Amino acid sequence: MKKLIELKGITKAFGGQVVLKGIDLDIYENEFVTLLGPSGCGKTTTLRIIGGFEKPSSGEVLFNGESVADLPPHKRPTNTVFQRYALFPHLDVYENVAFGLRLKKEYQKMPAKAREALIEQKVSKYLQMVGLVGYENRSVHKMSGGQQQRVAIARALINEPQVLLLDEPLAALDLKLRQEMQYELKEIQRNAGITFIFVTHDQEEALTMSDKIVVMNEGEILQVGTPEDIYNEPSSRFVAGFIGESNIIEGIMKDDYLVHFDGKDYVCVDYGFKKNEVVDIVLRPEDLDIVEPGQGFIEGIVDSIIFKGVHYEIDVKTPERIYTIHTIKYHAEGSQVSIVFDKEDVHVMEKW
Ligand code: ATP
């Protein structure tokens, strides 16, 4: 894959407040990249710097190996879809999508008949891509949020950018529609064959759609990886806590392969920590299981059980803490149980 965008040491301060503290990131052709992090961590500012709406305080943005410092947004190979779609309410779907083409000088110079034919061909291609064929003459204010979102995407894609920037575009939709649109957006990205850079604070959205997730916090990148990498091998307690649910427990390294927590030593994979170093242990609820008392590692009592559809969410109380466990077998509240897990699922992280 070819490198398309490079962010090199990007910092940004607003007044005295530093909101980006040195962002380095490579983005490739045809990637679906998600910037994920809590509110205020600097995702939108990063996206706006890529789009040229904001200048970095220091550092460089390169497109195809060349600095774009002097290029305003409309001269960059990017297009942006904002959370509020900013469609033109007085225009129908067709004219909303055609709008960008009508602004282009090369279209304005063409003979009217040829121009209209070309516009029609392109509008039809992109309406097809977003699943809105047949809606050409609909006025946009009579459409649902999800449909308006698709119009906004078609309107951005018709300019044939190399990169589409999307700032929380699904945030205004209800849960069911948002989930549907997650799959569709990924499909649209594949069909368009371009790079999408997507901003969200929703971890499920990021895991569902992305080829690559960039986890940010307080103006820094904490981890970059595939959804599987980020979920299975979070590099810090923050990432583990932000993506998916976790039991996070303080422990102490006894040896390269041995960590002590909750009163006992446990074998783990070698994470390269020093002997006697205090660490955080991350145990995912779905990696824990419940067996008969005395048969597992940690003894406890079922404190609560909630049916979640595909599994039960069970809280087991031990003398030291409560463990949350996802398992398909029912265990009554108050019953004595024992918790087990594999050594590969004992994730050891630097103490936060
Ligand atoms: P959210 O999900 O809430 O949009 P975010 O991760 O996208 O958060 P940013 O919007 O990039 O975060 O904001 C990062 C920080 O920069 C915030 O503290 C915000 O208040 C501040 N900030 C952003 N834009 C400006 C601005 N134009 N002037 C001053 N401060 C700003």
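Throughout, read-outs are computed from the coordinates displayed, never taken from laboratory work. Nothing here was measured: the structure is a model prediction, and the numbers come from that model. Note that we place each Cβ from the backbone using ideal geometry, even for glycine, and neighbour counts take in every protein chain shown.
At a glance:
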read-out: Sequence of ARG237, ARG102 once ranked by neighbouring C-beta atoms within 10 Å, starting from the fewest; value: ARG102, ARG237
read-out: P(r) weight above 28 Å for the chain, C-alpha pairs, percent; value: 54 percent
read-out: Karplus 3J(HN,Hα) series, Hz, for region 65-75 with 6.51 cos²θ - 1.76 cosθ + 1.60 (x for Gly, Pro); value: x, 10, 5, 10, 3, 9, 9, x, x, 6, 9
read-out: Ranked list, fewest to most other Cβ atoms within 10 Å of each Cβ, for ILE248, ILE158, ILE50; value: ILE248, ILE158, ILE50
read-out: Dipole-positive endmost among ILE213, THR45, GLN336 within the chain (Cβ charges, Cα centre); value: THR45
read-out: Under 9 Å, Cβ to Cβ, from VAL278 - net charge with Lys/Arg +1 and Asp/Glu -1; value: -2
read-out: Electrostatic dipole magnitude of region 61-157 [Cβ: Lys, Arg +1; Asp, Glu -1; Cα centre; debye, to 20]; value: 100 debye
read-out: Phi-based couplings in Hz for region 246-251 (Karplus 6.51, -1.76, 1.60; Gly and Pro marked x); value: 8, 9, 10, 10, 6, x
read-out: Rh by Kirkwood over Cα pairs, then Stokes-Einstein D for region 223-352 at 1.567 mPa s and 4 °C, µm²/s; value: 85 µm²/s
read-out: Percent of alpha-carbon pairs separated by more than 16 Å within region 233-280; value: 39 percent
read-out: Amide H contacts under 5 Å for LEU222, placed H, 5+ residues apart; value: VAL215, MET216, ASN217
read-out: Enclosed volume per residue, in Å³, of the convex hull spanned by Cα atoms of region 102-233; value: 136 Å³
read-out: For the chain, size of Cβ-based charge dipole, Lys and Arg +1, Asp and Glu -1, in debye; value: 2320 debye
read-out: Gap separating the Cα centres of region 66-132 and region 204-220, nearest whole Å; value: 29 Å
read-out: Point-charge dipole on Cβ atoms (K/R +1, D/E -1) for region 26-111, about Cα centre, debye to 20; value: 360 debye
read-out: Placed amide H near SER57: partners under 5 Å, 5+ positions off or other chain; value: THR11, LYS12, ALA13
read-out: Extreme residue, positive dipole direction of region 88-202, given options LEU173, PHE198, PRO161 (C-beta unit charges); value: PRO161
read-out: Ranking of MET209, MET143, MET181, MET1 by count of other Cβ atoms within 10 Å, fewest first; value: MET1, MET143, MET181, MET209
read-out: Orientation-averaged projected area, Cα convex hull of region 166-239 (nm²); value: 5.3 nm²
read-out: Sequence-distant residues sharing a close amide H with LEU288 (under 5 Å, placed H); value: HIS326
read-out: In order through region 14-21: 3J(HN,Hα) via Karplus (6.51 cos²θ - 1.76 cosθ + 1.60), integer Hz, x for Gly, Pro; value: 10, x, x, 8, 7, 10, 10, 10
read-out: Among MET110, SER57, LEU7 the positive-end extreme of the charge dipole of region 1-117 (Cβ point charges); value: MET110
